[in-house]
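Step one of this worksheet: look at the structure below.
The values are calculated or read from the model by the stated rules, or taken from the named source; none is laboratory data. Computed from a predicted model, the values in this text were never measured in an experiment. Methodologically, a virtual Cβ is constructed for each residue, glycine included, from the backbone with ideal geometry; neighbour enumeration extends over all protein chains shown.
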């Protein structure tokens, strides 16, 4: 295509300028270079492959880890005028899957889950299509989720070879040097790295030490009452997210709702739309919420539970303050909070003697146990018992290291931003009053323009259902 | 499902098996489930809680037990309300759907999906919104709504749809009209979730769902009129409540063939033919089943002499040996169904 990138941007999206990072990534791809783009949440990563797909014939194949999000992504593509987009994952009904596969040549964008992509029939079918670009979305999942959650991500390198090494774009919001190397290694690529600072200067960082669960809840309630809204509270448990949403509604008269993978598609859709339309003040979420939520004015992100690593933490707090206005990320930490991520990590990981027993008698184990499922996956791919044992041991060390970095952040008596950015091999800016409040420093909401101005609620007259219904049309 | 909701499906006068109720809600259609579903007067609930897990009612059972509202016969795996429970439940407000006799004849879940998307598309169209997120639905629903919208759109669509919906909902209790209205997604209205509707109406999710089933069925019923704006979209979701294969078997038997002939011709087992017939007998009105040929008067007379008393207590194994030798379980069951239909008709 002879049209310049900026001219394409103008024609397709009506923008005059790229956001930082977008142009560099596109130029690298146009030069035929595999590209790893590390751009903060909200930088417009999707636009990169949308524009590339527009400029080049063939199909852009996007591998995406979150099933619940894939259909949202397709809807979003369609809204942007890219009608020839579809998604296939394990939730796609058989008939729909068949329909998409029969019309593969007409597609400009195809979203696939790693599980689907690793099926040989799917690969055979994809061989008959021109793939203009392979996109690995949320590429950090290769490292974070790989061995103990979604082993199919580990096959992506081999799959890429089988697809004859198409031009590849790896996208993530956060990746330190080690993660970058691991992504490149797994995908058997030597990408051009395009990176923007992960720092978000308008997000004030705060860690609050609380004595126990009861104090934590009381502090949460206090914060929600006084902080500027809207906000997101992250939990590691679906049940606690739901319970807290209800509790906040009833005790603090907050318009709150829960969002997690246990909700059906209709409820998730409605909660998202309510939040976008400012009809909710607070979302009580698990990590299922966020990827793909475009809301500029989120004023606070609170973590009720300790995340397993700083990369997840950075992803989740990145949802605050996309409009550049003062926002805050608060981590509530009680002694021993690291036990929960530790336990969640361990529950996925088989012990050495389980591995040994499984390899000795593979048929005498129930395949629906997630640990056994994982072991069966490795065994079926010809990986030896010794190699699997080593893999899990090294994975455990990595996880423990990542968790210890997170704990060090929580316990840090000095600048939090420094701790955070150093983990991503970035040089932190000089600390000042607008930077952070570690656990030993109280949070002064007023000084940072974070206090909620109590609004006088004008009582809205309730109208009858007939009128409400008629207004819809 | 909460304890009080399950309680409404139980009785103080009849032992009811929890697995039957669970399978009915989850849409596990076996002859046994259908037969007992009919005995419990719960057939309309068939397939209306597909998302329920196996054992998904056990918590509610335990809660009712804790309140001493029911007794459990662990051997028979049956439940019965205590007098205390029956009294408490009678005082618990519960929704009485008006369209319940139509539920087995409509694919309510599909109708609801189509209705919600059609309302959203029409609402956004009426406000000239070109870009919006469509509700997340399956591809079939999207296709049908797209087709419908393509031929229905025009300057009058929005107002005629609004008018039609108001007319339908006005025939139902106000709380049902409220819930139906607030669940819709459209211009400037994201729509409320089940949880939010339950909270706003101080009731349980199941009670909200009953209202939704009622509202959807009422709208689909009105849409049978050819002038109704949703006629082409919802009309095809009315159905005969038995499987296509059972319909075929029934047609062949009604045409006068004997059961073994039908089995040979259709290349299915005789036992499958009998299952089809029992399903049809349970699900269809008395007059739509060829009782006179399949269960002739002489057979009825034999059974009449052999079994008496409460239908629920009848047992094939308790029949005299001579009866068991002459008649398979199939005839015993069919006779019971015929008797139930007699009671309903009377």
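Taking the condition of being surrounded by 15 or more Cβ atoms within 10 Å (Cβ to Cβ), touching a residue at least 12 places away in the same chain (Cβ under 8 Å) and farther than 18 Å from residue B:237 by Cβ, how many residues in region B:133-170 meet it?
The number of residues fulfilling the criteria is 5.
Taking residue A:268, is it in contact (Cβ under 8 Å) with a residue 40 or more places away in the chain, touching a helix residue (DSSP H, G or I) at 6+ places or on another chain (Cβ under 9 Å) and within 13 Å of chain B (Cβ to nearest Cβ)?
Answer is yes for this residue.
Among the residues of region B:40-57, what is the count of those that are touching a residue at least 24 places away in the same chain (Cβ under 8 Å) and either surrounded by fewer than 18 Cβ atoms within 10 Å (Cβ to Cβ) or assigned to a loop (DSSP other than H, G, I, E, B) (or both)?
12
Going by the structure shown, is residue B:64 in a helix (DSSP H, G or I), more than 14 Å from chain A (Cβ to nearest Cβ) and within 17 Å of the chain's Cα centre (by Cα)?
For residue B:64, the condition - in a helix (DSSP H, G or I), more than 14 Å from chain A (Cβ to nearest Cβ) and within 17 Å of the chain's Cα centre (by Cα) - is not met.
In this structure, is residue A:469 in a helix (DSSP H, G or I) and within 14 Å of another protein chain (Cβ to nearest Cβ)? Step through it out loud before you land on a result.
Details: in a helix (DSSP H, G or I): yes; within 14 Å of another protein chain (Cβ to nearest Cβ): yes.
Spelling it out, residue A:469 is indeed in a helix (DSSP H, G or I) and within 14 Å of another protein chain (Cβ to nearest Cβ).
Residues being closer than 19 Å to residue A:258 by Cβ and in contact with a helix residue (DSSP H, G or I) (Cβ under 6 Å, 6 or more places away or on another chain): count how many of those fall in region A:306-328.
Matching residues across region A:306-328 total 1.
Among the listed residues A:142, A:131, which satisfies the condition of being out of contact with any helix residue (DSSP H, G or I) (no Cβ under 9 Å at 6 or more places or on another chain) and either within 28 Å of residue A:424 (Cα to Cα) or touching a residue at least 60 places away in the same chain (Cβ under 8 Å) (or both)?
Details: A:142 fails: out of contact with any helix residue (DSSP H, G or I) (no Cβ under 9 Å at 6 or more places or on another chain).
Only one candidate qualifies: A:131.
Considering only region A:273-292, state which residues are more than 8 Å from chain B (Cβ to nearest Cβ) and touching a strand residue (DSSP E or B) at 6+ places or on another chain (Cβ under 8 Å).
A:275, A:280, A:281, A:282, A:283, A:284, A:285, A:286, A:287, A:288, A:289, A:290
Restricting to region B:252-269, count the residues that are surrounded by fewer than 14 Cβ atoms within 10 Å (Cβ to Cβ), within 29 Å of the chain's Cα centre (by Cα) and over 16 Å from residue B:295 (Cα atoms). Steps first, please.
Initial filter on region B:252-269 (surrounded by fewer than 14 Cβ atoms within 10 Å (Cβ to Cβ)): B:255-256, B:258, B:260-261, B:264-265, B:267, B:269.
Now narrow it down to the ones that are within 29 Å of the chain's Cα centre (by Cα): B:255, B:269.
From the residues that got through so far, the ones that are over 16 Å from residue B:295 (Cα atoms) too are B:269.
Here the count works out to 1.
Scan region A:60-80 and give yes if some residue there is more than 20 Å from residue B:137 (Cβ to Cβ), more than 18 Å from the chain's Cα centre (by Cα) and within 14 Å of chain B (Cβ to nearest Cβ), otherwise no.
Yes: one or more hits.
Do we have residue B:97 as in contact with a helix residue (DSSP H, G or I) (Cβ under 7 Å, 6 or more places away or on another chain), at pLDDT 95 or above and either more than 11 Å from chain A (Cβ to nearest Cβ) or not in a helix (DSSP H, G or I) (or both) here?
It is true that residue B:97 is in contact with a helix residue (DSSP H, G or I) (Cβ under 7 Å, 6 or more places away or on another chain), at pLDDT 95 or above and either more than 11 Å from chain A (Cβ to nearest Cβ) or not in a helix (DSSP H, G or I) (or both).
Just to be sure before I move on: is residue B:202 surrounded by fewer than 22 Cβ atoms within 10 Å (Cβ to Cβ) and within 14 Å of chain A (Cβ to nearest Cβ) in the structure I sent?
Spelling it out, residue B:202 is indeed surrounded by fewer than 22 Cβ atoms within 10 Å (Cβ to Cβ) and within 14 Å of chain A (Cβ to nearest Cβ).
Which residue is modelled with the highest pLDDT, if the candidates are limited to region A:101-160 and must be within 17 Å of the chain's Cα centre (by Cα) and assigned to a helix (DSSP H, G or I)?
Filtering first and then ranking leaves A:114.
Residue under question is residue B:168, and the condition is that it be part of a helix (DSSP H, G or I), farther than 23 Å from residue B:51 by Cβ, more than 8 Å from every other protein chain (Cβ to nearest Cβ) and at pLDDT 95 or above; does it hold?
yes
If you take just the helices (runs of 4 or more DSSP H) that sit entirely in region B:292-346, which of them hold at least 1 residues that are modelled with pLDDT under 95, over 26 Å from residue B:253 (Cα atoms) and in contact with a helix residue (DSSP H, G or I) (Cβ under 8 Å, 6 or more places away or on another chain)?
Qualifying helices (runs of 4 or more DSSP H): B:297-306.
Would you pick out the residues in region A:13-35 that are modelled with pLDDT of 90 or more, farther than 19 Å from residue A:187 by Cβ and in a helix (DSSP H, G or I)?
A:22, A:23, A:24, A:26, A:27, A:30 - these are the residues of region A:13-35 that are modelled with pLDDT of 90 or more, farther than 19 Å from residue A:187 by Cβ and in a helix (DSSP H, G or I).
Taking region B:288-322, which residues are free of Cβ contacts under 8 Å to residues at least 24 places away in the same chain, surrounded by 12 or more Cβ atoms within 10 Å (Cβ to Cβ) and within 19 Å of residue B:259 (Cβ to Cβ)?
Hits for region B:288-322 are B:288, B:316.
Here is a yes/no grid of residues against (1) part of a loop (DSSP other than H, G, I, E, B); (2) buried (at least 21 other Cβ atoms within 10 Å of the Cβ); (3) modelled with pLDDT of 95 or more:
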{"position": "A:199", "(1), (2), (3)": "yes, no, no"}
{"position": "A:204", "(1), (2), (3)": "no, yes, yes"}
{"position": "A:233", "(1), (2), (3)": "no, yes, yes"}
{"position": "A:244", "(1), (2), (3)": "no, yes, yes"}
{"position": "A:250", "(1), (2), (3)": "no, no, no"}
{"position": "A:261", "(1), (2), (3)": "yes, no, no"}
{"position": "A:269", "(1), (2), (3)": "no, yes, no"}
{"position": "A:275", "(1), (2), (3)": "no, yes, no"}
{"position": "A:291", "(1), (2), (3)": "yes, no, no"}
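Scanning for something over 29 Å from the mean Cα position of the chain (by Cα) and surrounded by fewer than 16 Cβ atoms within 10 Å (Cβ to Cβ), does region A:385-405 turn up at least one residue?
yes
Taking the stated definitions as given, is residue B:240 in contact (Cβ under 8 Å) with a residue 24 or more places away in the chain and touching a strand residue (DSSP E or B) at 6+ places or on another chain (Cβ under 9 Å)?
No.
Please work out if residue B:183 is out of contact with any helix residue (DSSP H, G or I) (no Cβ under 7 Å at 6 or more places or on another chain) and facing chain A (nearest Cβ under 9 Å).
Working: out of contact with any helix residue (DSSP H, G or I) (no Cβ under 7 Å at 6 or more places or on another chain): no; facing chain A (nearest Cβ under 9 Å): yes.
No.
Given the conditions (1) out of contact with any strand residue (DSSP E or B) (no Cβ under 9 Å at 6 or more places or on another chain); (2) not in a helix (DSSP H, G or I), and given that residue B:163 satisfies all but one, which numbered condition is not satisfied?
In the conditions (1) out of contact with any strand residue (DSSP E or B) (no Cβ under 9 Å at 6 or more places or on another chain); (2) not in a helix (DSSP H, G or I), residue B:163 misses (2) alone.
Restricting attention to region A:220-229, does a residue exist that is buried (at least 17 other Cβ atoms within 10 Å of the Cβ), under 18 Å from the mean Cα position of the chain (by Cα) and outside any helix (DSSP H, G or I)?
Taking every residue of region A:220-229 in turn, none turns out to be buried (at least 17 other Cβ atoms within 10 Å of the Cβ), under 18 Å from the mean Cα position of the chain (by Cα) and outside any helix (DSSP H, G or I).
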